[in-house]
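The next block holds one structure in the form of structure tokens; read it before the comments.
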Amino acid sequence: MNARDPAAARDATERRWRRHSLWLLVLLLPLAMVVVMHDSARTWWSGRALIAREVPTGGEADLGGASWRLRALRMAPLPAGKRIPENAMGVVAEFAVQVQDADVRKNWAGCEIALEDGQGRRWMPTRVLPLPRSEARECVLAAGSGPKAGDTVRIRHAFLVPRDAAAALRATVALGPQRPRYLRFAQPPTLVQ
Amino acid sequence: MAAAVLFAMQRSTPRYQDLTGPIPAYGNIGKAASTRLFDIEVERVEFARQLVGKRFGGETRHESAGVWAIVTARMVARSRSVNVTHAVWEGPTGLRYELSDRPEFLPDLPPHTLEPGLPQRGRFVFEIRPDQILGATLLVSEGPFPRLDSEAHVALNALPTAADGLPPIAEAFDLQQAGGRP
């Protein structure tokens with residue numbers, strides 16, 4: 001009996017350690033996954049426009065140290081041609097943006113103006129449609145021009161979209177440091193000829 | 001026995017490049033391949049000894065020691081606008097031909113900017129060896145190094161063949177003529 005006691009005690013200790021190790025594994029495995037995946041998950045989360053803030057028609061909203069207002073969203077059917085596919089509609093979105101914080105280059109890094117439909121499809125600006133010259137610029141160029149606090153800049157982009165989806169499209173603004181939050185303007189496009 | 005098993009395991013272990021490589025989305029001529037970002041359906045494949053086009057008002061002519069392969073495909077973006085910039089002609093023996101950069105500034109050549117809901121035609125032009133014509137696969141992806149992302153693998157089978165067993169090879173192919181968009 002005396003000879004068996006130490007062995008039994010050792011067995012019990014070993015069993016306890018095995019049990020503890022098993023429980024630790026249950027804790028440590030997810031923890032290790034969190035540590036390893038943390039950076040990727042954060043990059044994924046902050047690299048996408050996921051959480052929309054709705055802006056009512058005619059309204060404006062603050063994003064990236066500026067107040068954004070959709071001045072006009074116009075659409076016109078386009079005849080099929082060399083660089084225009086069949087059934088295409090041209091859409092032009094123009095924003096008036098009042099700068100409040102002068103560090104626009106940092107605040108607007110990765111600026112992306114897009115059109116979005118109810119199914120989550122997104123249309124990015126196209127270079128196929130040449131726009132007449134005006135003081136309005138593309139978002140990245142406007143940010144690069146270094147506007148100061150108090151300035152109002154005009155930002156304009158053209159899009160190529162299918163005719164059947166055009167009326168349901170909404171303009172969106174996403175800025176790098178602000179993602180996953182972005183602005184979605186409720187104003188529908190108006191048809192011009 | 002153990003050595004044989006170890007050898008087999010060593011030979012069959014996938015490499016890191018394979019594990020993290022592109023995920024094929026299969027199609028063939030007339031049957032669309034559907035990748036994460038775009039659908040592509042190859043409509044026809046043509047071959048020519050010379051490529052003809054216009055540049056700065058003058059005619060340009062590109063000859064080849066091999067043969068020009070011109071693939072015309074119908075493509076559409078799925079959930080967002082996408083630029084399709086990369087394609088490879090993979091011959092039956094595994095030889096890979098990148099897109100030719102010789103025909104420049106001609107219409108309907110990559111990069112193809114695709115919009116959701118707006119199918120459009122575009123061309124891919126390769127300069128290949130004649131023995132790589134039959135049994136080839138067209139690989140198309142958004143960028144040049146698709147990793148853990150889908151890549152269209154379109155089997156270029158069922159090509160019409162002439163008496164010599166090869167598809168007809170035209171003397172010249174005019175890239176200016178219709179066939180691209182819309």
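The values are calculated or read from the model by the stated rules, or taken from the named source; none is laboratory data. Worth saying up front: this structure is predicted, and the values here are computed from it rather than measured. So basically every Cβ, Gly included, is an ideal-geometry build from the backbone, and we count neighbours across all protein chains shown. Remember, those area values only see protein heavy atoms, side chains included, never the ligands or the DNA or RNA. Shrake-Rupley method; radii C 1.70, N 1.55, O 1.52, S 1.80 Å.
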Q) Considering only chain A, what is the antiparallel percent among its DSSP beta bridges, to the nearest 5? A) 80 percent
Q.
So, for chain B, what is the accessible surface per residue at a probe of 1.4 Å, expressed in square angstrom?
A. 51 Å²
Q. For chain A, modelled as a Gaussian network with Cα springs under 10 Å, which listed residue fluctuates most, A:Asp164, A:Asp151, A:Asp11?
A. A:Asp11
Q) Which residue fluctuates the most in chain B, going by a Gaussian network model with Cα springs under 10 Å, if the choices are B:Leu99, B:Leu19, B:Leu51? A) B:Leu19
Q: Between A:Leu63, A:Leu175, A:Leu29, find the one with the highest GNM mean-square fluctuation for chain A; connect C-alpha pairs within less than 10 Å.
A: A:Leu29
Q: Provide a whole-number value for the mean count of partner chain Cβ atoms within 10 Å of the Cβ atoms in peptide B:116-124.
A: 5
Q: Between A:Ala8 and A:Leu28, take the C-beta separation as r, use R0 = 35 Å, and let me know the FRET efficiency to the nearest 0.05.
A: 0.75
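Using a 10 Å cut-off on Cβ to Cβ distances, tally the other chain neighbours for every residue of A:119-126 and report the average as a whole number. Spell out each step's value before the answer.
Working: counts 3, 3, 8, 6, 7, 7, 1, 3.
Average per residue, whole number: 5.
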Q: Enumerate the calculated ³J(HN,Hα) couplings along the range B:39-48 in order (Karplus 6.51 cos²θ - 1.76 cosθ + 1.60, θ = phi - 60°), each rounded to whole Hz, writing x wherever the residue is Gly or Pro.
A: 9, 9, 10, 6, 8, 7, 10, 10, 10, 8
**Q.** Surface accessible to a 1.4 Å probe, B:Lys54 within the full protein complex, Å²
**A.** 120 Å²
Q) To the nearest whole number, what is the average tally of beta carbon atoms from other chains within 10 Å of the beta carbons of peptide B:71-83? A) 2
**Q.** Shape of chain A, Cα gyration tensor, a/c cut at 1.5
**A.** prolate
**Q.** All lysines inside 27 Å of B:Lys54 as judged from Cα atoms, apart from same-chain residues fewer than 8 positions distant
**A.** A:Lys82
**Q.** Whole-Hz ³J(HN,Hα) from phi, Karplus 6.51 cos²θ - 1.76 cosθ + 1.60, for the range A:96-109, glycine and proline x
**A.** 10, 10, 9, 7, 10, 10, 5, 7, 5, 4, 7, 5, 9, 4
Q. What's the center-to-center distance, using Cα atoms, between the range A:85-105 and the range A:28-57 in Å?
A. 26 Å
Q: Show B:Thr113, B:Thr13 ordered by accessible area, largest first, where the area counts protein heavy atoms only and the probe is 1.4 Å.
A: B:Thr13, B:Thr113
Q.
Can you give me the distance in nm between label points at A:Thr57 and B:Ala2, each placed 7 Å from the Cα along the Cα-to-Cβ direction?
A. 8.0 nm
Q) Alpha carbon centre of the range B:123-182 versus the range B:27-41: separation in Å? A) 14 Å
(Q) Between the range A:150-193 and the range B:77-109, what is the separation of their alpha carbon centroids in Å? (A) 31 Å
**Q.** Reachable aspartates and glutamates, given that their alpha-carbon falls under 12 Å from the alpha-carbon of A:Lys106 and they are not under 8 places away in the same chain
**A.** none
(Q) Please compute the Kirkwood hydrodynamic radius over the range A:81-152, one decimal place, Å, based on all pairs of different Cα atoms. (A) 14.5 Å
Q.
Nearest 500 deg cm²/dmol is fine: what mean residue ellipticity at 222 nm does the protein assembly as shown get from its DSSP H runs of n ≥ 4 alone, each adding -39,500 (n - 2.57), divided by its residue count?
A. -6000 deg cm²/dmol
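Leaving ligands, DNA and RNA out of it, rank A:Val192, B:Val125 by accessible area with a 1.4 Å probe, largest first.
Descending accessible area places them as A:Val192, B:Val125.
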Q. FRET efficiency for B:Asp131 and B:Asp101, Cβ-Cβ distance as r, R0 = 22 Å, nearest 0.05?
A. 0.45
Q: Let me know the charge dipole size of the range B:21-174 about its Cα centre in debye, to the nearest 20, where only the beta-carbon of Lys, Arg (+1) and Asp, Glu (-1) is charged.
A: 280 debye
Q. Can you list the HN-Hα couplings for the range B:143-151, worked out from phi with the Karplus curve (6.51, -1.76, 1.60; θ = phi - 60°), rounded to whole Hz and with x for Gly and Pro?
A. x, x, 10, x, 10, 6, 9, 6, 9
Q: Mind grabbing the interface size between B and A? I mean buried accessible area, both sides, 1.4 Å probe, in Å² to the nearest hundred.
A: 1200 Å²
Q | C-alpha long axis of helix B:2-12 to longest principal axis of chain B, angle in ° | A | 20 degrees
Q: Could you pull the accessible area for B:Phe105 with a 1.4 Å probe, rounded to 10 Å²?
A: 150 Å²
Q. Mind listing which GluC sites (Glu not before Pro) in the range A:82-160 are in a DSSP loop and have 12 or fewer other Cβ atoms within 10 Å?
A. A:Glu135
